[in-house]
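Asks: Sharing a structure with you now.
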Amino acid sequence: MTIPTRIALVLGANGGVGGETAAALVRHGWTVRALVRDLTKTARPGFDYIQGDALDRDAVVSAAKGASIIVHAVNPPGYRSWKSLVLPMIDNSIAAARASSARILLPGTIYNYDPAAHALIDETTPQRAFTRKGKIRVEMEARLEAAAAPGSENGGVRSLILRAGDYFGPRSTTNSWFASGLVTPGKPVKTILYPGDKGVGHAWAYLPDVGETFARLADREAELPAFARFHFDGLWDADGTALIRAIARAAGLKRPKVFRLPWGLVPIAGLFNETFRELTEMRPFWREPVRLDNRRLVAFLGEEPRTLLETAVAATMRGLDVPVAEQGAPSRLARAA
């Protein structure tokens, strides 16, 4: 018996979430088409690369022909131009999914929520975003939900949202907190700059685990409702020190120098830099613990894919060309000041 070819179109395959999800889909037997703007950055084996831009609707629709799923994992670099670029890109994916009868897979975040209102959030928690990025995220999800509604003029587009905490992994980008603060790509760890307040928990999502979760959900796509949402718990750092200790252990440091991000200076830098203006709004997510309730995901899949924190951190550092000691020093590690 011939097994039908399962085709997945991935937007953002050169990024962290998109790249790891694409790799996981290949492992699960999917044929992956990767729509990229620059064909010179096509280093991953097993992908069928297509040159095109997620802002070009015709290119997205054409690339999605015959696809069963569309992984929408593309964002503007850094925090720049979100307002003008993000919503047109999701609209293009919706148009492509409608034309090809595919389901959209969207990686979500915790920025849809007010961190002061809920310490534990599930799929039914009201979304009350207060940041510009969060409000755009809410609107993206609203458009997907509207497109999935039966009977509407533009209805019938299936989608799946998997919300997670802050991403990190071997393919971390400069958008990530891990690669832009905690460590410096290409350099040994001498100091660790941590954004969170002392004793405040934080949610981290290891990219290969997120990709594997998306692949397992994609394998059972037919069992999902037209509009599906799941929460990914990931690696929960209960007091903000577990990740610091894991980085220090991987680097072989007994007494790492840990500094707090000088948040008071960020608004000043924001006067001259759009990225810093957006970062200022992220401050509450480092002052309040926000954890994702994954019970619905576990009930559906049976488990949540999860790599040990020490293994995930060491692999991430290697992927960022940060030197890793063969054997870390687990004793007498300093806590964040």
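The values are calculated or read from the model by the stated rules, or taken from the named source; none is laboratory data. On a predicted model such as this, the values are computed, not experimentally measured, just so you know. Here the Cβ is made from the backbone with ideal geometry for all residues, glycine too, and neighbour counts use every protein chain on show.
Asks: Name, by its number, the condition in (1) without any contact (Cβ under 8 Å) to a residue 24 or more places away in the chain; (2) in contact with a strand residue (DSSP E or B) (Cβ under 7 Å, 6 or more places away or on another chain); (3) β-branched (V, I, T) that does not hold for I90.
Replies: The one condition I90 does not meet is (1).
Asks: Name the single residue, out of those in segment 158-209 being outside any loop (DSSP other than H, G, I, E, B) and among the acidic types (D, E), that is modelled with the highest pLDDT.
Replies: D209
Asks: Only one of R143, R137, R158 is basic (K, R) and out of contact with any Leu (no Cβ under 9 Å at 6 or more places or on another chain). Can you tell me which?
Replies: Details: R143 fails: out of contact with any Leu (no Cβ under 9 Å at 6 or more places or on another chain); R158 fails: out of contact with any Leu (no Cβ under 9 Å at 6 or more places or on another chain).
Unique residue meeting the criteria: R137.
This table checks each residue for (1) touching a Cys at 6+ places or on another chain (Cβ under 7 Å); (2) modelled with pLDDT of 70 or more; (3) polar (S, T, N, Q); (4) not in a helix (DSSP H, G or I).
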position: L265; (1), (2), (3), (4): no, no, no, no
position: I268; (1), (2), (3), (4): no, no, no, no
position: R296; (1), (2), (3), (4): no, yes, no, no
position: T311; (1), (2), (3), (4): no, yes, yes, no
position: A315; (1), (2), (3), (4): no, yes, no, no
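Asks: If you scan segment 115-157, which residues turn out to be buried (at least 19 other Cβ atoms within 10 Å of the Cβ), assigned to a loop (DSSP other than H, G, I, E, B) and modelled with pLDDT of 95 or more?
Replies: Within segment 115-157, just V157 meets the criteria.
Asks: While we're looking at this one, here's another question. May I ask you to verify whether A67 is of a type in the set (G, A, S), modelled with pLDDT of 95 or more, surrounded by 15 or more Cβ atoms within 10 Å (Cβ to Cβ) and part of a helix (DSSP H, G or I)? Steps first, answer last, please.
Replies: On the way: of a type in the set (G, A, S): yes; modelled with pLDDT of 95 or more: yes; surrounded by 15 or more Cβ atoms within 10 Å (Cβ to Cβ): yes; part of a helix (DSSP H, G or I): no.
Answer is no for this residue.
Asks: Is it the case, given these coordinates, that G46 is under 26 Å from S176 (Cα atoms) and crowded, with 22+ Cβ neighbours inside 10 Å?
Replies: It is false that G46 is under 26 Å from S176 (Cα atoms) and crowded, with 22+ Cβ neighbours inside 10 Å.
Okay, residues lined up against (1) in contact with a His (Cβ under 7 Å, 6 or more places away or on another chain); (2) within 26 Å of A149 (Cβ to Cβ):
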{"site": "T31", "(1), (2)": "no, no"}
{"site": "T40", "(1), (2)": "no, no"}
{"site": "P45", "(1), (2)": "no, no"}
{"site": "D53", "(1), (2)": "no, no"}
{"site": "V60", "(1), (2)": "no, yes"}
{"site": "I90", "(1), (2)": "yes, yes"}
{"site": "R103", "(1), (2)": "no, yes"}
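Asks: Being among the charged types (D, E, K, R) and closer than 26 Å to S180 by Cα is the filter; apply it to segment 70-106 and report the residue that is surrounded by the fewest Cβ atoms within 10 Å (Cβ to Cβ).
Replies: Looking at residues that are among the charged types (D, E, K, R) and closer than 26 Å to S180 by Cα, I get K83.
Asks: Could I ask something else about it? Does V32 count as more than 14 Å from the chain's Cα centre (by Cα), at pLDDT below 95 and surrounded by 17 or more Cβ atoms within 10 Å (Cβ to Cβ)? Working first, answer last.
Replies: Details: more than 14 Å from the chain's Cα centre (by Cα): yes; at pLDDT below 95: no; surrounded by 17 or more Cβ atoms within 10 Å (Cβ to Cβ): yes.
No.
Asks: Related question: Can you name every residue in segment 228-265 that is under 22 Å from R287 (Cβ atoms), among the hydrophobic types (A, V, I, L, M, F, W, C) and more than 25 Å from the chain's Cα centre (by Cα)?
Replies: V258, F259, L265
Asks: Filter segment 222-249 down to the residues that are out of contact with any Phe, Trp or Tyr (no Cβ under 8 Å at 6 or more places or on another chain), acidic (D, E) and surrounded by 18 or more Cβ atoms within 10 Å (Cβ to Cβ) and list them by number.
Replies: Across segment 222-249, the qualifying residue is only D233.
Asks: Restrict the check to segment 203-218 and report whether at least one residue is over 20 Å from the mean Cα position of the chain (by Cα) and either among the aliphatic types (A, V, I, L, M) or closer than 27 Å to A325 by Cβ (or both).
Replies: Checked against the condition, which is being over 20 Å from the mean Cα position of the chain (by Cα) and either among the aliphatic types (A, V, I, L, M) or closer than 27 Å to A325 by Cβ (or both), segment 203-218 yields no hits at all.
Asks: Looking at segment 225-249 only, could you name the residues that are charged (D, E, K, R) and assigned to a loop (DSSP other than H, G, I, E, B)?
Replies: Selection gives D233, D239.
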